Number of protein chains: 2
Amino acid sequence: MAEAVAGGQDDRTAKARIRDSAITTFATHGVDGASVRLIAEGAGVSPPLVIHHFGSKEALRRACDVHVAAVIREQKRAVIAAGAGLDPLAALRGVAGGLPLLRYLARTLADGTEEVAALLDDLVADAEGYLAEGVEAGVLKPSAYPRQRAAVLLLWSLGALVLNEHVGRLLGADLTADLSAPEALAAAGAYFGPVLELFGQGLMDEGYAERLREGLDPDSAAGPGRR
Amino acid sequence: MAEAVAGGQDDRTAKARIRDSAITTFATHGVDGASVRLIAEGAGVSPPLVIHHFGSKEALRRACDVHVAAVIREQKRAVIAAGAGLDPLAALRGVAGGLPLLRYLARTLADGTEEVAALLDDLVADAEGYLAEGVEAGVLKPSAYPRQRAAVLLLWSLGALVLNEHVGRLLGADLTADLSAPEALAAAGAYFGPVLELFGQGLMDEGYAERLREGLDPDSAAGPGRR
DNA sequence: CACCAGGATAAACGGCCGTTCAGGACCTGG
DNA sequence: CCAGGTCCTGAACGGCCGTTTATCCTGGTG
């Protein structure tokens, strides 16, 4: 049933055109707002052909999830081979045609389908590996909760992506832009600058953070931000 | 089918019941997925009454935005009077009836209506104030970009809220739970623990972070993760 | 040639949607 | 008693939705 996604050369077939149109249309209008007729128009085909090739709109959406996850995994492998970075989404930026996938991901991450959940689990596992390497190399600090720290960092990264519109309004940065363009990279610095500052020096005095962390114990009922 | 939310007494006016039902229904099914008929059923009224009181579904959604923003602003004032914390959402947790608002916010933050955008701008300004106070008190470290740092911290916080489902799967914590319950607070520690560790000690060696920050300059094209 | 498998389409169907319409119950003041 | 408002409802309308049906076109195979 699954054709070879990795080949990618025959993106001229109607089925691939429909899938790509669906990804961008879902990203633009949301899954509910993107009608089959709109997707078909974007692919230059008739609405019934969409159903003919994918069975239903829901199945088409699942196919998009699978495709996006496959591309991300493939690109991640390529990036790993070239030397990994910290940004788990670097794999998609700058890749030809990767930006619509990034926007699709931003739009559908909150819905939580099975496929993107599995993808996130993978990304967390990868991130934990990167972080361990960084710790071993001495550039990253060790953690008492390595897996949870990897998850938190990934969730922050993806959360900012989901809220990209607000990132743009508040900071002027577009996280779904191609960062190989110098001006886009400079704009993204309004986000990555403070992030790297936080990553470097932290936010709080360590003793203060430690005291807050002890407050998470249930016996002491002083959670963060309570009287 | 009349259903009883917390409280039991439906002495609220029908308009308020419709608005509250809309908030929870929007939060559960999404704005597109929540039909007027479903909202009306949740409020124990007929569908036309929803339109009669609010004019249209879109106007009802705007009324929900306004109401949520008003409640958050009001609760924030109360929390400030009692001594502010760092968590910008602490205002909503533990407040009677605040949890549905939190879930509504998580569901609609990504859509970016005018009202929630204005609310976010307010929250950033407040956060900047809190951070400045913390710096002055010596518990927080100063920043070269105070406003941007406040925005980043708020975006991380809200991003985790939007991805609450993934937070639950990856860490077992529910950020939309009432953290005054000890077990919920303990579970939330799986998120807040690593967060406070990151806030305390940072993530990277400071020199390494500084070098990465310099890499944001356009001339040096070494973004994180290149081919 | 006949044949037919499959890509592609126009037309149409049933269903749910947001909304409108035409009133019914119920109070309040005369 | 009636008049007039307010709150509320059942029925219905038009429209868009995802999907089905029936049909055409095209090219490869015997």
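Taking a cut-off of 18 Å between Cα atoms, list the aspartates and glutamates near B:Lys57, but don't count ones fewer than 8 places away on the same chain.
In chain and number order, the partners are A:Asp32, B:Asp20, B:Asp32, B:Glu41, B:Asp65, B:Asp111, B:Glu114, B:Glu115.
Report, as an integer, the average count of C-beta atoms from other chains found within 10 Å of each Cβ along A:184-192.
Rounded to a whole number, the mean comes out at 4.
Above 21 angstrom, tally the Cα pairs of the range B:14-146 and express them as a % of all pairs, no decimals.
47 percent
Express in nm, to one decimal, how much length is gained between A:Glu41 and A:Ala125 on full extension, taking 0.36 nm for each residue of separation and deducting their alpha carbon distance.
26.3 nm
Evaluated at 37 °C with a viscosity of 0.692 mPa s, what Stokes-Einstein diffusion coefficient in µm²/s does the range B:100-227 have when Rh comes from the Kirkwood expression over alpha-carbon pairs?
192 µm²/s
What are the principal axis extents of the Cα atoms in the range A:68-162, in Å, biggest first?
That gives 36, 28, 20 Å along the principal axes, largest extent first.
Placing unit charges on C-beta atoms (Lys and Arg positive, Asp and Glu negative, everything else neutral), compute the dipole magnitude of chain A about its Cα centre in debye, rounded to 20.
Around 560 debye, computed over chain A.
About its Cα centre, how strong a charge dipole does the range A:23-81 have in debye, to the nearest 20, once Lys and Arg get +1 and Asp and Glu get -1 at the Cβ?
Using only the charged Cβ atoms, the result is roughly 200 debye.
Choose one of B:Gly193, A:Leu92, B:Val68: the residue whose Cα lies farthest towards the positive end of the charge dipole of the protein assembly as shown (beta-carbon charges +1 Lys, Arg; -1 Asp, Glu; about the Cα centre).
B:Val68
Can you run phi through the Karplus equation (6.51, -1.76, 1.60; θ = phi - 60°) for the range B:42-54 and list ³J(HN,Hα) in whole Hz, with x for Gly and Pro?
Ordered by residue, 3J(HN,Hα) equals x, 8, x, 10, 8, x, x, 5, 4, 5, 4, 7, 10 Hz.
Per-residue Cβ counts within 10 Å, from other chains only, averaged over B:59-66: what number is that?
0
Nearest 20 debye, what's the magnitude of the dipole of the range A:55-166 about its Cα centre given +1 on Lys and Arg Cβ and -1 on Asp and Glu Cβ?
The calculated dipole for the range A:55-166 is roughly 220 debye.
Partner chain Cβ atoms within 10 Å, averaged over the residues of B:140-147 - can you pull that number for me?
4
Under the rule of at least 5 residues apart or a separate chain, name every residue whose amide H is placed under 5 Å from the amide H of A:Leu140.
Here the answer is A:Val135, B:Asp205, since their amide H atoms fall under 5 Å of that of A:Leu140.
Going toward the positive end of the dipole of the protein assembly as shown, with +1 on Lys and Arg Cβ and -1 on Asp and Glu Cβ, which of A:His52, B:Ala181, A:Gly112 do you reach last?
A:His52
Could you give P(r) for the protein assembly as shown, binned at 10 Å from zero, as whole percent values over all Cα-Cα pairs?
4, 19, 29, 26, 15, 5, 0
Each residue of the range B:16-21 in turn: what ³J(HN,Hα) in whole Hz from Karplus with 6.51, -1.76, 1.60 and θ = phi - 60°, glycine and Pro shown as x?
My calculation for the range B:16-21 gives 5, 5, 4, 4, 5, 4 Hz in order.
Considering all projection directions equally, how large on average is the shadow of the alpha-carbon convex hull of chain B, in square nanometres?
Projected area, direction-averaged: 16.1 nm².
Enumerate the calculated ³J(HN,Hα) couplings along the range B:143-156 in order (Karplus 6.51 cos²θ - 1.76 cosθ + 1.60, θ = phi - 60°), each rounded to whole Hz, writing x wherever the residue is Gly or Pro.
10, 6, 10, x, 5, 5, 5, 4, 5, 4, 5, 5, 5, 4
Looking at this model, which pairs from A:Lys76/B:Lys141; B:Lys76/B:Lys141; A:Lys76/A:Lys141; A:Lys15/A:Lys76 are more than 30 angstrom apart at the alpha-carbon?
A:Lys76/B:Lys141
Could I have the simple spin-label model distance between B:Ala181 and B:Arg211, label points 7 Å from Cα toward Cβ, reported in nm to one decimal?
Roughly 4.8 nm, to one decimal.
Over the alpha-carbon set of the range B:121-163, work out the extent along each principal axis and list the three values in angstrom, largest first.
Per principal axis, max minus min of the Cα coordinates gives 32, 18, 16 Å.
Every number here is computed from the coordinates shown, using simple stated rules; none is lab data. If you're wondering where the values come from, they're calculated on a predicted model, not measured in any experiment. So basically every Cβ, Gly included, is an ideal-geometry build from the backbone, and we count neighbours across all protein chains shown.
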